[in-house]
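Inspection log for the structure reproduced underneath, given as structure tokens.
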Amino acid sequence: MCVVIAILEVKNLSKTFRASRLGGKAHRAVENVSFAIPAGQTYGLMGESGCGKSTIGRMIVRLIPATKGQVFFRGADLLAIKQRAFRPYRRRIQMLFQHPSTSLNPRMTVLDSLREPFLLHDLPGRDCMDDRIREHIESFGLQSELLERRTSQVSGGQIQRIVLARIMLLEPEFIVLDEPTSMLDVSVQAQMMFLLQELQERSGVSYLLISHDLDLIRRCSHRIGIMKEGRLVEQNETEALFGAPKQAYTQELIYNFECMKN
Amino acid sequence: MKKFLFYCALTILIAFIFIGIFADLIAPMDPDAINMANSLASPSAEHLLGTDHLGRDLLSRLIYGSRSSVFIAFFATGCTLLLGLTIGLVSGYFGGWADQLIQGVVNIFQGIPSTAFVVAVLGLLGPGIKSLLIAIVVSSWARFSRVVRNQVLGIREMHYIEGARAMGGSNLYIIRRHVLPNILLPLLVLIATRIGSTVLTVAAMSFLGLGLRAPASDWGIMINDAKLYFVNDFRVLLAPATCLTLFCLSINLIADYLRDHLDNDADTARIL
Amino acid sequence: MNDTLRYIMTKIFLAIPILIGITLLAFGLGLIARGDPALARLTVDPDYIPTEEEVQALREEMGLTDPIFIQYGRWISGVVKGDLGESYLDDKPVLSEMLRLLPNTLLLSFMSLTLIVVLGLLGGILLVVFQDRLFDVIGRILSIFIMSVPGFCLAYFMIWVFAQKLKLLPTSGTEPMTAFIMPCLALALSSACLVARLLRSSILGELVQDYALTARAKGLRKSQLVFRHTLRNALTPSVTHIANVFGGFLGGSMITESIFSIPGIGTYALTAINNRDYTAIQGYVLFTGFAFVLVCLLSDLICSYLNPQIRLGRRV
Amino acid sequence: MDIRVEDLYVRFATLSGDIEAVNHVDLTFSQDQITGLIGESGSGKSVLGLTIMGLLQSNATVEGRIFLGERELISLSEKDLCAIRGREIALVAQNPATSLNPSQKVGRQIEEVFRLAGEGKVDSTRRTHELLERMGFSDSERVMHSYPFELSGGMCQRILTAIAVAAHPRWIIADEPTKGLDAVVRNQVYDTFCMVKEQYNVSLIVITHDLLLARKFCDQIVVLYSGRVLEINTAQAIFNNPRHPYTQGLIASLPHLGMRPMPGFSAAFTDQPSGCVFHPRCPYIDEDCRKIEPKLIPVEEGSVRCHRYS
């Protein structure tokens, strides 16, 4: 096995949510999760709903603070960086969300949404950003007449593409994909995942793919981690994991998915 | 139909504002000119709506009355908006201990019914425009900020807020570009209803002798003046009451239309 | 059941800091406004000019030089014992005066409450049942019009019609009982219309929910659907609104009480204000605040009964 | 009793123009069979189901005819429809979490069906108990006294199914029964439906975008796209030998069958292409496809709407 450099390494990451009301119990959403993602690869995080997989994604992007643990991105501990110093990383690490219906501001046109990266970061071609945007989204298979529309007039699959196009304007090195296709139809899911794989081959971006669909994860990731109730129960290279699942929970999951196919 | 009513209401409201601003030019007579010889006169060519018990021109008093009502209503609502919006935004957007603290204070201020609050503050500060403004703002900012906070709480969970944060947008940027535009419509409804209730409060306080004081021209004072004379001549009461009702009606229609629009917005989002 | 009990206890527990906050607010308002009572007392006789020493001595005697929180403590310990102080005006104890006038206010409030509940609920349901038909359209236009007539205009209009022209009802006082009819209408009519409209829109909102589809698929007719399923879920906003209004009534409705010359809490407060009677105002703020908070507490409990999700600790 | 849909056309009036959700559909759902209506969002499959039940919202215009045996449903009055709903055709609505009344105990919501059928209070309670036990709830007493939000999504789904079968209808329309459920729960739903099919002798229409469920559970499959039927065939034939290019593309999109994407997007409701609705995305596009809308052509045991088979 050759040595691969990890672009992102998560060590003993934990998150405990405080009780939401008096006398309630604190909820341990994530407990001591560690994994590493090699550069240019996809790491699939699989688990049933409520197992804490989205929380991990949000902690990596620093949308919510972690209770404990470290996240190393190219050797730098992201969680230890001060708010101000973190800003350059906002370009390099991005996140794609689950619900297309709330992923774009309904009061803005698609064009306004796509201008945001230019307003927030010093990107090349800022003077003629509208032209750049037009060119850019056409390479994502979107027609430029979409730009004048509002979110409510655009289908879910197209919104996810628009959001992805916006993310790619920033040229990130790492993207957290939080159930990017769970609200989409199968044919649109196939288009989306195909596009993501194409981008990976072209630009070498790495993904953390979070999903509850084992078939999807198997198809799209190089390495897989299985989560249950906040813990990482098993992780391995994709084919090794499916060839010889060690944990009972993994076996049960695989069985449940195979069940439907026969 | 709804749209027609809305435009009617909007025209009436704008007319009131216009009349209020240009009262000096529009009013045919001096509203305070007393002419005891001509008291309680019926409408005539000289006095289009007749005169009151002191012989003052009723129409001119109505026109000057809309000035004080409109001015106080808009100014007080503006102050409430500024205070309530800021506090509500901070409380809803940032959450945490600031939210808890603010909500504690809001709960206390909401613990006293608003009319009682206004009256008490006025009683302690003494009557007058300034104390009226203070009383209205102090008694209504809490409810206002609560509504803003609840709206913001709903929006804070949306992916586009998270997306903007992940792209490196500062809090100020996110509030300006994403939060404010999305609470605008509910905010407009809130402002409309507040203006309506403020006009009512001002009239009520003036009526009780706690707000503006006679001989100022104000609808509430006119109703108060009329209470001894309306038995014989209902006109002196009807005129200010109609103005007040018309103003409230236009506000209610506008708020109703905006609220419908709000639902439609949500509906289209759901269907597609 | 355990969860329900815990919810009720939590609600009551959370009301305590609010009540304490209201005492602070009432005390603070009094403090800001009263000026220097010692100076005021010494200058009652306009011919006598007190020396600075005399004023200071009286201040100390009255406890005004103590730190504010000690003064608050003194005041609050009186409040707990049921002593809201004596009126500046006639030296009568504030609390017993208010309790003497309370029955009239209570009677008026409860009559208005009944009217609002009956008219509002009935109106709301009827508007839904006849949705988009003539009754609904006329009802909505009429209700928005009535909502817009201020209570005191309505009061004078009714006096003019029923008392002056038709001579059906007495204009003022508390005797006979028919004297309460007009004040009650003046207070309740606009709120009743508002409740009807509110209920209509919340029932319509519930009718497009997923569970209403399941219920219709069972074979329920629209009226059955409204009464058996949606009404209960749609009541919450109306209940909260009614509680707000009713809590306000309990604090006395100054305008209505003064127009119809009903001696109640409202007229008491009005006299106090016109005479700058700060102890009485302080007591009045405290009283209305407490009444209001208790009514809101009650409405919270009713809502939690209507919507078990609230009381069983789940987020709604 | 078969359900026959003849030339059904459903249009919604919305602010942004009319939406033609179901476009001249002819279908027969045969008795004792499980028919799967598959299609992606915007294909009109849920609207079709609700039209059969007469449960569309008031901004819908319905044309055409729907027969339940000899009775025509669209022309029936609301009162007569109420007698059919629940007792002859029942519905399992989508989103189990929100499809039960949140402020009523589950037991009462099931009892209500028995009460509507004219049974007494005691009998209804007893039969609710039996029904819940049949549905695989071992502690039916506790479940009956629970509120819907105290139960998991899978349990709510089973309660919805219980409500549907309670009055022994001939037909059950299940709308997206597996949407948003985890694999384990999805298998449970499948088991429940198999049980219902066996024990209640009921015919089913399953509306779903879950191709695997459709393949495993259904006898007959109807593929919908943009409000039109593109292909009808047995489940076996659809998956082993898909004829319509859209069906082929759909199956190839499944993750474990290659996940090869189809080009383009579904047409928006407001501007539908001329000719064949699928032609902008079709790899076998022809001159006719752009101009002439193809008819449903019988091929072996099924039928397909494509010029290539004429």
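Examine the stretch D:137-158 for a residue that is of a type outside the set (Ser, Thr, Tyr), in contact with a strand residue (DSSP E or B) (Cβ under 9 Å, 6 or more places away or on another chain) and modelled with pLDDT under 95, and state whether such a residue exists.
Within the stretch D:137-158, one or more residues are of a type outside the set (Ser, Thr, Tyr), in contact with a strand residue (DSSP E or B) (Cβ under 9 Å, 6 or more places away or on another chain) and modelled with pLDDT under 95.
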Legend entry - Count - residues of the stretch D:266-284 that are open to solvent by less than 20 Å² (accessible area, probe 1.4 Å) and more than 14 Å from every other protein chain (Cβ to nearest Cβ): 3
Inset, instruction - Can you confirm whether the stretch D:257-265 contains a residue that is touching a residue at least 40 places away in the same chain (Cβ under 8 Å) and either buried (at least 19 other Cβ atoms within 10 Å of the Cβ) or among the small types (Gly, Ala, Ser) (or both)? - result: no
Legend entry - Check on residue B:143, within 15 Å of residue B:93 (Cβ to Cβ) and open to solvent by 20 Å² or more (accessible area, probe 1.4 Å): no
Inset, instruction - Go through the stretch D:218-248 residue by residue and tally those that are in contact (Cβ under 8 Å) with a residue 24 or more places away in the chain and touching a helix residue (DSSP H, G or I) at 6+ places or on another chain (Cβ under 6 Å). - result: 9
Inset, instruction - Would you point out the residue of the stretch C:267-279, among those that are more than 9 Å from every other protein chain (Cβ to nearest Cβ) and either assigned to a helix (DSSP H, G or I) or in contact with a strand residue (DSSP E or B) (Cβ under 9 Å, 6 or more places away or on another chain) (or both), that is surrounded by the fewest Cβ atoms within 10 Å (Cβ to Cβ)? - result: C:271
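Condition test on residue A:107, is it facing chain B (nearest Cβ under 7 Å), assigned to a helix (DSSP H, G or I) and more than 17 Å from residue A:55 (Cα to Cα)?
no
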Inset, instruction - Give the residues of the stretch B:216-238 that are open to solvent by 20 Å² or more (accessible area, probe 1.4 Å) and part of a helix (DSSP H, G or I), sorted by residue number. - result: B:224, B:225, B:235, B:238
Inset, instruction - Restrict the check to the stretch A:124-147 and report whether at least one residue is outside any helix (DSSP H, G or I), within 14 Å of chain B (Cβ to nearest Cβ) and surrounded by fewer than 17 Cβ atoms within 10 Å (Cβ to Cβ). - result: no
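Among the candidates C:294, C:312, single out the residue that is more than 8 Å from chain B (Cβ to nearest Cβ) and closer than 23 Å to residue C:21 by Cβ.
Answer to the selection: C:294.
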Inset, instruction - Would you mind stating whether residue C:113 is in a helix (DSSP H, G or I) and touching a Phe, Trp or Tyr at 6+ places or on another chain (Cβ under 7 Å)? - result: yes
Inset, instruction - Considering every residue within the stretch B:76-98, establish whether at least one is in a helix (DSSP H, G or I), within 14 Å of chain C (Cβ to nearest Cβ) and farther than 30 Å from residue B:242 by Cα. - result: no
Inset, instruction - Could you give me the residue pairs with C-beta distances under 9 Å whose first residue belongs to the stretch D:32-61 and is among the charged types (D, E, K, R), whose second residue is assigned to a helix (DSSP H, G or I) wherever it lies, and which are 6+ apart or on separate chains? - result: D:40/A:186; D:40/A:187; D:40/A:188; D:40/D:250
Legend entry - Given (1) open to solvent by less than 20 Å² (accessible area, probe 1.4 Å); (2) not in a loop (DSSP other than H, G, I, E, B), number of the condition residue D:158 does not satisfy: (1)
Legend entry - Every residue from the stretch D:86-110 that is within 7 Å of another protein chain (Cβ to nearest Cβ), crowded, with 24+ Cβ neighbours inside 10 Å and in contact with a Gly (Cβ under 7 Å, 6 or more places away or on another chain): D:86
Legend entry - Whichever residue in the stretch A:204-252 is of a type in the set (Asp, Glu) and in contact with a Lys or Arg (Cβ under 8 Å, 6 or more places away or on another chain) and, among such residues, is least open to solvent (accessible area, probe 1.4 Å): A:234
Inset, instruction - Among the residues of the stretch A:106-123, count how many are open to solvent by less than 10 Å² (accessible area, probe 1.4 Å) and at pLDDT 90 or above. - result: 6
Inset, instruction - For the stretch B:22-75, name all the residues that are open to solvent by 50 Å² or more (accessible area, probe 1.4 Å), in a helix (DSSP H, G or I) and over 30 Å from residue B:141 (Cβ atoms). - result: B:24, B:25, B:26, B:36, B:37
Inset, instruction - Determine if the stretch D:20-36 includes at least one residue that is within 19 Å of residue A:155 (Cα to Cα), of a type in the set (Gly, Ala, Ser) and part of a loop (DSSP other than H, G, I, E, B). - result: no
Inset, instruction - Considering (1) modelled with pLDDT under 90; (2) surrounded by 17 or more Cβ atoms within 10 Å (Cβ to Cβ), say which one residue D:59 fails and leave the rest. - result: (2)
Inset, instruction - Kindly indicate the residue of the stretch B:170-215 that is part of a loop (DSSP other than H, G, I, E, B) and buried (at least 20 other Cβ atoms within 10 Å of the Cβ) and also farthest from the other protein chains (Cβ to nearest Cβ) among those meeting that condition. - result: B:212
Inset, instruction - Determine whether residue A:168 is of a type outside the set (Asp, Glu), without any contact (Cβ under 8 Å) to a residue 60 or more places away in the chain, more than 8 Å from every other protein chain (Cβ to nearest Cβ) and open to solvent by 10 Å² or more (accessible area, probe 1.4 Å). - result: yes
Legend entry - Single condition residue D:198 does not satisfy, out of (1) open to solvent by 30 Å² or more (accessible area, probe 1.4 Å); (2) closer than 24 Å to residue A:50 by Cα; (3) acidic (Asp, Glu): (2)
Inset, instruction - Any chance you could count how many residues in the stretch B:61-106 are small (Gly, Ala, Ser) and under 21 Å from the mean Cα position of the chain (by Cα)? - result: 9
Legend entry - strands (runs of 3 or more DSSP E) completely within the stretch A:173-239 that count 2 or more residues being without any contact (Cβ under 8 Å) to a residue 40 or more places away in the chain: A:231-237
Inset, instruction - Kindly state which helices (runs of 4 or more DSSP H) lie completely within the stretch C:132-244 and contain at least 3 residues that are within 12 Å of chain D (Cβ to nearest Cβ). - result: C:181-207, C:210-217, C:222-225
Inset, instruction - Pick out, from the stretch A:1-104, the strands (runs of 3 or more DSSP E) lying fully within it that include 2 or more residues that are surrounded by fewer than 17 Cβ atoms within 10 Å (Cβ to Cβ). - result: A:6-17, A:27-38, A:68-73
Legend entry - Complete set of residues in the stretch D:176-195 that are within 10 Å of another protein chain (Cβ to nearest Cβ) and crowded, with 24+ Cβ neighbours inside 10 Å: D:178
Inset, instruction - Enumerate the pairs (first residue in the stretch D:110-135 and at negative phi; second residue anywhere and exposed (fewer than 13 other Cβ atoms within 10 Å of the Cβ) and of a type in the set (S, T, N, Q)) with beta-carbon separation below 8 Å, excluding pairs fewer than 6 apart on the same chain, so at least 6 apart or on different chains. - result: D:134/D:199
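The values are calculated or read from the model by the stated rules, or taken from the named source; none is laboratory data. Small disclaimer: the values here were computed from a predicted structure and weren't measured. Note that we place each Cβ from the backbone using ideal geometry, even for glycine, and neighbour counts take in every protein chain shown. The area values use the complete protein model at the heavy-atom level, side chains included, leaving out ligands, DNA and RNA. Shrake-Rupley method; radii C 1.70, N 1.55, O 1.52, S 1.80 Å.
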